[in-house]
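The values are calculated or read from the model by the stated rules, or taken from the named source; none is laboratory data. Remember, it's a predicted structure, so these values are computed and weren't measured experimentally. Neighbour counts run over all protein chains shown; Cβ positions are idealised from the backbone, glycine included. When the accessible area is computed, the model is the full protein with side chains, heavy atoms only, and any ligands, DNA or RNA have been set aside. Shrake-Rupley method; radii C 1.70, N 1.55, O 1.52, S 1.80 Å.
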Amino acid sequence: DVKVTQSSRYLVKRTGEKVFLECVQDMDHENMFWYRQDPGLGLRLIYFSYDVKMKEKGDIPEGYSVSREKKERFSLILESASTNQTSMYLCASVGGLEWGTGELFFGEGSRLTVL
Amino acid sequence: DAKTTQPPSMDCAEGRAANLPCNHSTISGNEYVYWYRQIHSQGPQYIIHGLKNNETNEMASLIITEDRKSSTLILPHATLRDTAVYYCIVGPPMDSNYQLIWGAGTKLIIKP
């Protein structure tokens, strides 16, 4: 089974702190994504990456950056966390044999609270 | 904005078929209908997708109307573990831009 692992399920940070959210997938997928999920707003795409060192902005990239130094790892970085970044963050991946099947594989999510 | 309209919530008795409707009247010719679900405190899980033909897999069936303006996801024998938020999403083929637009979904509650 494909596994997408997010490093932390729950984090509490203070305003202004730098926050790293890590995501690792074990299926050699080319494409990886970071979403945030807020009540009533559904999932919104922050950034995605279709290859190592490649990144593309999604719908809401402001306040975030990403890093893809290795194929299996996609990191989301909040340079200076703010309270409006309190949210559930979801990582997803797809590629290889799953390409074209319609199936995105998601991690379990990281719930970030910024105080 | 999401390209789909779903009822915010539905109930279904355990063991019965759960039929979840979705309207997508502005769907374009090359867009697929994708269904995902999200069980509480977990990431979304893919269920099924289709273009214009009805589809079935081990989890569910997808019925798409001939004009493609609406569809229904059918869980044939709902169990308590099917309680989740179900998302109907319209988007391009998954070998292109992955900017699927997610709406609020339908909260399905399976009752004993």
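Output the residues belonging to the stretch A:11-60 that are in contact with a Lys or Arg (Cβ under 9 Å, 6 or more places away or on another chain) and over 20 Å from residue A:105 (Cα atoms).
Correct list: A:11, A:19, A:53, A:60.
Applying the selection to the stretch A:1-48, what residues are among the polar types (S, T, N, Q) and closer than 17 Å to residue A:102 by Cα?
Quick first cut of the stretch A:1-48, residues among the polar types (S, T, N, Q) only: A:5-8, A:15, A:25, A:31, A:37.
Hit for the stretch A:1-48 is A:31, nothing else.
Is there a residue in the stretch B:28-40 that is buried (at least 18 other Cβ atoms within 10 Å of the Cβ), polar (S, T, N, Q) and touching a Gly at 6+ places or on another chain (Cβ under 7 Å)?
Going through the stretch B:28-40, the residues buried (at least 18 other Cβ atoms within 10 Å of the Cβ) turn out to be B:32-38.
Next, from what is left, pick out any that are polar (S, T, N, Q): B:38.
Cutting the leftovers down to touching a Gly at 6+ places or on another chain (Cβ under 7 Å) gives us none.
No: the stretch B:28-40 contains no residue that is buried (at least 18 other Cβ atoms within 10 Å of the Cβ), polar (S, T, N, Q) and touching a Gly at 6+ places or on another chain (Cβ under 7 Å).
Would you mind stating whether residue B:62 is within 14 Å of chain A (Cβ to nearest Cβ), closer than 18 Å to residue B:93 by Cβ and surrounded by fewer than 20 Cβ atoms within 10 Å (Cβ to Cβ)?
Numbers: within 14 Å of chain A (Cβ to nearest Cβ): yes; closer than 18 Å to residue B:93 by Cβ: yes; surrounded by fewer than 20 Cβ atoms within 10 Å (Cβ to Cβ): no.
Spelling it out, it is not the case that residue B:62 is within 14 Å of chain A (Cβ to nearest Cβ), closer than 18 Å to residue B:93 by Cβ and surrounded by fewer than 20 Cβ atoms within 10 Å (Cβ to Cβ).
Only one of these conditions is not met by residue B:102: (1) open to solvent by 20 Å² or more (accessible area, probe 1.4 Å); (2) within 14 Å of chain A (Cβ to nearest Cβ). Which number is it?
With (1) open to solvent by 20 Å² or more (accessible area, probe 1.4 Å); (2) within 14 Å of chain A (Cβ to nearest Cβ) applied to residue B:102, the lone miss is (1).
Name the residues in the stretch B:26-48 that are assigned to a loop (DSSP other than H, G, I, E, B), among the hydroxyl-bearing types (Ser, Thr, Tyr) and under 22 Å from residue A:4 (Cβ atoms), would you?
Of everything in the stretch B:26-48, just one residue is assigned to a loop (DSSP other than H, G, I, E, B), among the hydroxyl-bearing types (Ser, Thr, Tyr) and under 22 Å from residue A:4 (Cβ atoms), namely B:41.
If we only count strands (runs of 3 or more DSSP E) wholly inside chain A, which ones have 3 or more residues that are open to solvent by 50 Å² or more (accessible area, probe 1.4 Å) and in contact (Cβ under 8 Å) with a residue 24 or more places away in the chain?
On the way: elements: A:4-6, A:10-13, A:19-25, A:31-38, A:42-49, A:65-70, A:73-78, A:87-94, A:110-114.
The strands (runs of 3 or more DSSP E) meeting that bar are A:10-13.
Name the residues in the stretch B:15-59 that are within 14 Å of another protein chain (Cβ to nearest Cβ) and of a type in the set (A, V, I, L, M), would you?
B:33, B:39, B:47, B:48, B:51, B:59
Just the residues that are touching a His at 6+ places or on another chain (Cβ under 7 Å) and either modelled with pLDDT under 90 or within 24 Å of residue A:5 (Cβ to Cβ) (or both), please, taken from the stretch B:1-25.
B:3
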